[in-house]
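Chemist: A single structure is presented below for examination.
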Amino acid sequence: MNSIRRHLSYANVASTLALVFAMSGGALAASHYLVNSTNQINPKVLKSLVNTNTALFKKLSKTVVVAKAGTANTAGSATTAGSAATATNATNATNATNATTAGHASSADSLNGVQLVPGPNELNAHESQSSQSVQCPKGTHAIGGGIAGSGGIEQSVNEMYITGPKGDETTEFRGYVNNTSPTKDDAFHVWAICAHASVGGSVF
């Protein structure tokens, strides 16, 4: 105890109290005082802050590029150009839709008046091949067709296709039928699908 008392002095006590007040007094002041007006700040401090901010602004302004009015006008022009491009795209889309619709309408019109045209019964003799062609009505073309046989298992379709005279090769439908029976004769007939359209090539 005597050693502790020997170290106590006025200076030690004062410094200890100062430390305590510094640690608690700041928080106490912060909880009781609030700066809500520049009138509460010393004018000299305000002046130093203004001078500091002005100097900082001048320093930064040397590296900052400010857009000119002309650039803003150019941006406005770009917006107008964008609108024009949008309008053009809309027009093109409308034209494409109209063209597609017109194409569909044309295809529909070409199917008006589609009809099946059957040929007469044709003899399909035993151990032989027979053929028949069906002519489409004037102004129409063959777009398909088929063959109907009498039902014998000895009958088989050899070939069928769209044909016609030279220069008008899509006006008929032709078919060939085989009869492999050694004794039995059969019958068949070809039928054509005719329309105001044309499809070339063979049909198998």
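Chemist: Under 5 Å between amide H atoms, partner at least 5 residues away or on a different chain: which partners does Asp185 have, H built in plane at 1.01 Å?
Modeler: His126
Chemist: Calculate, for Lys166 and Asn121, the FRET efficiency according to 1/(1 + (r/R0)^6) with r their C-beta to C-beta distance and R0 35 Å; round to the nearest 0.05.
Modeler: Taking R0 as 35 Å, the efficiency between Lys166 and Asn121 is 0.75.
Chemist: In addition: In which sequence would His141, His189 go, from the one with the fewest C-beta neighbours within 10 Å to the one with the most?
Modeler: His189, His141
Chemist: Would you kindly derive the ³J(HN,Hα) couplings of the range 186-192 from the backbone phi angles with the Karplus curve 6.51 cos²θ - 1.76 cosθ + 1.60 (θ = phi - 60°), listing them in order in whole Hz, with x for Gly and Pro?
Modeler: For the range 186-192, the Karplus curve yields 10, 9, 7, 8, 9, 10, 10 Hz.
All of the numbers you see were taken from the coordinates with simple rules; none came from a lab. Everything numeric here is computed off the predicted structure, so don't read it as measured data. Ideal geometry is used to build each Cβ from the backbone, glycine not excepted, and the neighbour counts take in all protein chains shown.
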